[in-house]
Amino acid sequence: MKNQDSVRTLKGIGDKSGKLFEKLGVCTVDDLLHYYPRAYHAYEPPVPVGNLVPEQVFAVAGILAKDASVRRFAHMQIVTVSLKDGTGSLQLTWYNMPYLRTTLQAGTFHIFYGRVVKKNNRLTMEQPEIYSRDAYEQVMTTMQPVYSQTKGLGNKAISRAVAQALDCRQLERDYMPAELRRKYELAEYNFAIEHIHFPKDRQDLIFARRRLVFDEFLLFILAVRGLKEKRADRQSGWVIRLAPEVRALMERLPYRLTGAQQRVMEEIERDLSGGQVMNRLIQGDVGSGKTIIAVLALLHVAYNGFQGALMAPTEVLAKQHYESITQLFGEYGIDKTAVLLTGSMTAKEKRIAQEQVKNHEADIIIGTHALIQDKVVYDNLALVITDEQHRFGVGQREMLGGKGREPHVLVMSATPIPRTLAIILYGDLDISVIDEMPANRLPIKNCVVGTEYRPKAYAFIAKQVAAGRQAYVICPMVEESEMIDAENVLDYTKKLREALPGVAVDYLHGKMKGREKNQIMERFLAGEIQVLVSTTVVEVGVNVPNATVMMIENAERFGLAQLHQLRGRVGRGRYQSYCIMVNGGDQEGTQKRLDILNRSNDGFYIASEDLKLRGPGDLFGLRQSGDMEFKLADIFTDADILKTVSEEADAMLAADPQLQSEEHTGLKKRLEEYLAASYDKLAL
């Protein structure tokens, strides 16, 4: 079997399950091999009931004293049974699995494996796996993968498919130079792919993961260095005269730019007028005022008779940028024209917008990936700005530079990355930092609470809604999972609708169609939805000044940088805003991490503190890298590997700039495939 064959060529995967795999982004056998687990279960020996600790996973064993009972509740059948030993009792509960009563009979011995929770002051294990003594001995001390799932496709089905794919895959020749593998004791590639899915033990897992993380960083950095080489000291065809109209607008704005904004604006103006192509990254915390800097830069270009483009990661954000820029131009009598271009526009709307761009009836073009499609022809495109840099990969960065005749490139990011790491990741860009917040921003009030605080939180949200405000509630999952005990968007929405009668509650998640997501966000922006339950898809979202509450469930499951990004969705208007982080975990250190957010609203401080707290042992569940092109690697947890790879990449390119030597043949081919895949993502 070839690795590029459809996943449906595997035994047991037909049309129905094939579609479910495609929903997870798994179309080929190769996709499945690279569909890495999101966590692992370690099957330890069973413990006495008295040793159980809430919010942790255990195995318990015993003989049942009574048959299981089945009761109906609403549309659900609940199976319960009690397990007792000399140290205590544990209630075991399963939902919609009535057939278990034939298995769970008095006098039978079982081993149960699952997460322990405290409900109504008693220890409970919900949806535990059930094993015989022999079956548990087979998995004991092993690490079993836990994959991200979708409704109708559970963990066992994915594990079986992966095991089959590993058995019948084509083994690949290792492309990593042998000397590099020896120097850093890196696992062989095929070994790493197999053991990232089914490691024998934790050491085996760390060995496999380290190799794959090394690969992800190396390919990314080589691609970025390639961009840098192409861009180095290029003379610009667009020397921008600094327009006095822009300075006049800055004086008329109802607020003064902060010192940091003024400093960054001067750096941009030097780049635009200096005669070389600008390639600059603006790093600024959420709400630090990057957008006005972008608008002023675009106006410099427009007043010189050229065009500028602003590319946003979502249609809703692009539309909001368009509306705010149009409103600004109207208010201050600016005689320049902005147009909007997004993928969901009708064919006629796109055609009209494209004609305006081509004929230079538009000075500023705002949109999504649609801006870099072949059909869009610019007239003197001198500046391209991307909003939320980490959402665009190497392919997009390359393509942006290719539009027009080498335009100036400005990229913006609210992801707080320590400068040492930013220099490595954005090695093709000069870096500016806006490290000062506007004076009129009220600091967000934070609190970290346990799950017992929820009723008070709901009452507080209801009070804010009654005052005319809006709220976000973030859940880590879209739908309920057999294996992961965490709040999910669909069930939580039902729960909130019951808890907040008369309040308009709706939901949003990444699996919804683009048009549907846009409609939900537009309704939230318009105030028709008062409480929005969502996954982290709102992390890069629209500006909703009326939203004053951000409640984050299972906050312990998110990285601090991501929590800070989510918190930044509120506090954008004139009202006092609040962030409620619900800690659903009981692990040592969780509260310490969350307290960093409690103490500070400074994203750069939070990022650097998180880097100090976390180490190579924190492998899973706390990814921070957003949508950068890493499946496993995390720039915080793996910062040491990132720095090592950066040094090796520089040494490799210094010795062999085109990767033409025999030892680099495989790596060069793999890099070309990586870049091709990055470009393929643009055909959305």
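Summary table below
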item: Every residue from the range 205-223 that is in contact (Cβ under 8 Å) with a residue 60 or more places away in the chain and not β-branched (Val, Ile, Thr); result: 205, 209, 210, 212, 214, 216, 217, 218, 219, 220, 222, 223
item: Matching residues, the range 78-104, being surrounded by 14 or more Cβ atoms within 10 Å (Cβ to Cβ) and either touching a helix residue (DSSP H, G or I) at 6+ places or on another chain (Cβ under 6 Å) or touching a residue at least 60 places away in the same chain (Cβ under 8 Å) (or both); result: 79, 85, 88, 90, 94
item: Residue match in the range 51-67 (condition: exposed (fewer than 12 other Cβ atoms within 10 Å of the Cβ) and not small (Gly, Ala, Ser)); result: yes
item: Unique residue being surrounded by fewer than 16 Cβ atoms within 10 Å (Cβ to Cβ), at pLDDT 75 or above and closer than 16 Å to residue 286 by Cα when the list is 569, 574, 599; result: 574
item: Residue 160 being exposed (fewer than 13 other Cβ atoms within 10 Å of the Cβ) and either farther than 21 Å from residue 71 by Cα or at pLDDT 95 or above (or both); result: no
item: Selection count, the range 552-572, where residues are in contact with a Leu (Cβ under 9 Å, 6 or more places away or on another chain) and either under 12 Å from residue 536 (Cα atoms) or in a loop (DSSP other than H, G, I, E, B) (or both); result: 10
item: Tally, over the range 240-285, of residues that are among the hydrophobic types (A, V, I, L, M, F, W, C) and out of contact with any Leu (no Cβ under 8 Å at 6 or more places or on another chain); result: 6
item: Those residues of the range 19-39 which are under 9 Å from residue 7 (Cβ atoms), surrounded by fewer than 17 Cβ atoms within 10 Å (Cβ to Cβ) and touching a strand residue (DSSP E or B) at 6+ places or on another chain (Cβ under 8 Å), in sequence order; result: 27
item: When residues of the range 163-188 are limited to those that are over 20 Å from residue 26 (Cβ atoms) and in contact with a Leu (Cβ under 9 Å, 6 or more places away or on another chain), the one surrounded by the most Cβ atoms within 10 Å (Cβ to Cβ); result: 187
item: Candidate set from the range 486-517 (those that are outside any loop (DSSP other than H, G, I, E, B) and of a type in the set (Lys, Arg)); member that is surrounded by the most Cβ atoms within 10 Å (Cβ to Cβ); result: 517
item: Close pairs (7 angstrom Cβ cut-off, 6 or more residues apart or separate chains): assigned to a helix (DSSP H, G or I) in the range 139-161, β-branched (Val, Ile, Thr) anywhere; result: 155/146; 161/13
item: Hits in the range 362-387 (condition: under 17 Å from residue 319 (Cα atoms) and among the acidic types (Asp, Glu)); result: 363, 387
item: Members of the range 410-465 that are part of a strand (DSSP E or B) and closer than 25 Å to residue 253 by Cα; result: 410, 411, 412, 413, 432, 433, 434
item: So residue 242, is it outside any helix (DSSP H, G or I), farther than 30 Å from residue 632 by Cα, free of Cβ contacts under 8 Å to residues at least 40 places away in the same chain and not polar (S, T, N, Q); result: no
item: Residue in the range 114-129 that is among the polar types (S, T, N, Q), assigned to a helix (DSSP H, G or I) and free of Cβ contacts under 8 Å to residues at least 40 places away in the same chain present; result: no
item: The lone exception for residue 439 - which of (1) hydrophobic (A, V, I, L, M, F, W, C); (2) crowded, with 16+ Cβ neighbours inside 10 Å; (3) more than 30 Å from residue 227 (Cα to Cα) it fails; result: (2)
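The values are calculated or read from the model by the stated rules, or taken from the named source; none is laboratory data. All values reported here derive from a predicted model rather than from experimental measurement. Please note: Cβ atoms are built from the backbone with ideal geometry, for glycine as well, and neighbour counts cover all protein chains shown.
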